[in-house]
Every structure is written in structure tokens, then in C-alpha cells.
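Read-outs throughout are calculated quantities, based only on the coordinates presented, and are distinct from any laboratory measurement. Just so you know, these numbers come straight off a predicted model, no measurement behind them. Note that each Cβ is placed from the backbone with ideal geometry, even for glycine, and that neighbours are counted across all protein chains shown.
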Amino acid sequence: MANTILTPSVVGREALMILENNLVAASLFHRGHTEEFTGAKRGDTVSIRGPASFSAQEYSSSITVQNATESSTALTLEKHFDVSFAVTSKEWTLSLEDFNAQLLAPAVAAIAQGIDAYGLGKYTEVYNEVGTAGDPPDSLADLLAVDQKLNELKVPVDGRFAIVNPQAKTDILGVSNIINAEQRGDGGQALKNASMGNFLGLDWYMSQNIPTHTLGTLTNGSAMAALVNNASVAVGNLTVPVDASSLSGTVVVGDTFTVAGDTQQYAVTAAATASGNAIAAMAFFPAAKVAWADNAAVTFNTDGVATDTYIPNLAGHRNAMTMAMVPLALPRGAANAAYIGDRGLGLRIVFDYDNNAKQDVISIDVLCGAKVQDGELITRVLG
């Protein structure tokens, strides 16, 4: 007979614990509180609260009382992950432990992988970077450069993390004096398993879901470079016209560049194709920090080979990126459905019947969004 213990609420609570235990990257991001957005759907935009910020005031004869105003950011719910699977009459009779091991854990682990890959794909919004494209961090000097970059960005020293791909993990743990680093990992089991230790003030983790960035094909005939094509580009601009005597190819979202006379690093935010030896408006972020002169050199970060690739490992602070999971509406006749949420995580469980296939179906789904909330708290670590 069917196991009456396996209700949507019971399965949902178990699934949420499994989800938390299987997240790596998403466990390192700030999680927005989103319970008030019940009923949202993919494509909706919600406002997520972030940590409050304060400024130090010099005391003379009285204090200045500051409002504890939390920051907020608009977050688009871009991803709706779902795993649905058939359940046989025999599987309904399993104990909760066996049901978890045979069906629930693999299903939720797949969702966790999707969430982590989605969050790490937001590297395209990270404009700071350190290292050399195509050359994994594999020396003490490389690791010290990461620490220096975060220090220069004034990233708080408490709560720093780095997350790297398997090749970088192998290279880093081969560096002298690193192998004995203290292990960390206070989140779920996956986070503990991914921990490489704490050294140089960062908690280091490995993820198999870090993507590969494929550079655009832009070339001036010999390199991925161009010139500012305008009398000047003003402070605050988010687009720039570029040209060269022989400019062809494309830029893609996530390509990074610098401009002569400006120390700031920038990331391309929209794909563009050169036409007539020029790109009329190349979009980028952050806004131009200084004015750019006409014919100032625009140099892209690449190892010099068009269409090449590199690994965008990440290092930064928890408050740099925000992820939110929003409660999904329960279907009519919600006695066989439940939404379970806790500490910024949440998922929906629906027990259904497929009349065509004549079988029971369990559906587990998550609606979420992620973005870089403070680009000054994070950097790519090129590999």
C-alpha cells in the first residue's frame, strides 16, 4: 500500500534540505528575502533587500544618527528549473529514507546543479579581473595577486571567498604551503566537499559548473583592439563608438577591456558586430569613470588569439552577488502541493497524475534570479 507519510509537505522539507546540501556557488551569494512575492512567474522583476550601509562620522560635540536604510536591487526572475518524474506504485511504498536516496536526492541534485551553473554564469556582469586569460592561477604570485586585487577594491576582509574550476584547484593545491590550509565549509555537504581551505584570507572552493568564456572575434587585423571613435566620451557614458583602419568581427557579452588613460576595467554588456570598420555603440559597464579622448586605445583582455577561451573563476565577498528564490503559486486543489521555503531557499512540490500515461508524477520546481549587486566587491580570476 502507498506510504501515507510521503505528503508534499514532508517531501518538500526533505527536498529543501537536500537542495541546501547540494548548492556550492549559490551558498556563497547573498540570498534575498522574497516571501512577499508569492505568485511571481519567470520574467517578473522583484525588488530584493540588501545589507544596510553606513559611513563613519568624525565625532566632535554630538553624534550624527544615520538611518539603517537597506539597499535594494531590481532582480529579474530569469530561471524556472523543474524536475518531474514518474512514481510507480512500488516506489510509493518505500520508506522516506529509501525514497530520498532513490528518487528525491538525484532529482534535487539536478536542480542544484542548474542553479549553481546559472549563478556562476553571471560572471559576465563582473568587470574587475586579475590574472592572464588562458593561464590558470598556479603560483604563489598568482594567488597573492588575487588578494592584492581584493585589497585594492577595498573588499571587506571578513567573508571573502574564491570559487575556481577543477584545473585551478589542482594547480592551486600544488603551490607550496597551500596544501595544509585549514578546511572550511559551514553550509551544506556540497560546500564542505568543495572546500579547498582558507588561505590568504579567502575561503577557497571548487565548482564543476564554472563556465568557459569564448571571446568575441573582433580584430583590427592583428589583435583584439580598437580606438575610441569620437571627439570624447564623457564621464558616465555607457556606450562608446570604436573603429580602426581594418576592424571586423564581434564583441560578446562578458568581453572585458581597458581604455588608455583610464585604470578602470570594463565589461561588454551587449553583443555587437563591426560594420564599415567600426562599431557605432559598444555597450559596457560600469559607466565611464573618466573622459576618454578620441583615438584612445581600447584593449581587450585576451591572450592575443581571436575566438580563444578562458575560465572566469571568481573571488570576492558574499554581498557582491544576490540570488533569490521566489514562492511559486500552488495549483488549484492544492491539497497535493506545497511550497517550502527557508533562509532564502525555496521550492514547490506537486503530486499529480498523468492521465495519458496512467502514472503518478512528482514535480519539483524552483523560480529564481541572480545578479551582481555590487561589482566593486568581486573580481574574475582568469584561468
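See the values below:
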| item | result |
| --- | --- |
| Residues in region 257-280 reached by a label modelled at T132 [backbone nitrogen below 19 Å; 7 Å Cα→Cβ] | 257-258 |
| Descending semi-axes in whole angstrom, ellipsoid equivalent of the chain, from the Cα gyration tensor | 41, 25, 23 |
| Counting DSSP beta bridges with both ends in the chain, the antiparallel % (nearest 5) | 90 |
| Extended-chain gain in nm, criterion 0.36 nm per residue less alpha-carbon gap, N277 and Q57 | 74.0 nm |
| When each of K79/K358; K79/K149; K41/K90; K149/K371; K79/K289; K90/K358 is checked by Cα-Cα distance, pairs over 23 Å | K79/K358; K79/K149; K41/K90; K79/K289 |
| Spin-label pair D294/V361, simplified geometry with 7 Å Cα→Cβ offset, distance in nm | 6.3 |
| HN-Hα J in Hz across region 151-157 - Karplus 6.51, -1.76, 1.60, θ = phi - 60°, x for Gly and Pro | 5, 5, 7, 6, 6, x, 6 |
| At R0 = 35 Å, FRET efficiency that the Cβ-Cβ distance of S95 and Q167 yields, to 0.05 | 0.30 |
| Inter-probe distance in nm under a simple model that places probes 7 Å from Cα toward Cβ, at D354 and H80 | 1.9 |
| Overall form of region 44-136 per C-alpha gyration tensor (a/c, 1.5; a/b vs b/c) | prolate |
| Along the chain, longest interval not containing exposed trypsin sites (Lys or Arg not before Pro), exposed being DSSP loop plus at most 14 other Cβ atoms within 10 Å | 155-288 |
| Label-to-label distance, nm, for residues given as R13 and R332 (7 Å Cα→Cβ offset) | 3.0 |
| Potential lengthening between E152 and T309 on full extension [0.36 nm per residue; Cα-Cα distance subtracted] | 53.8 nm |
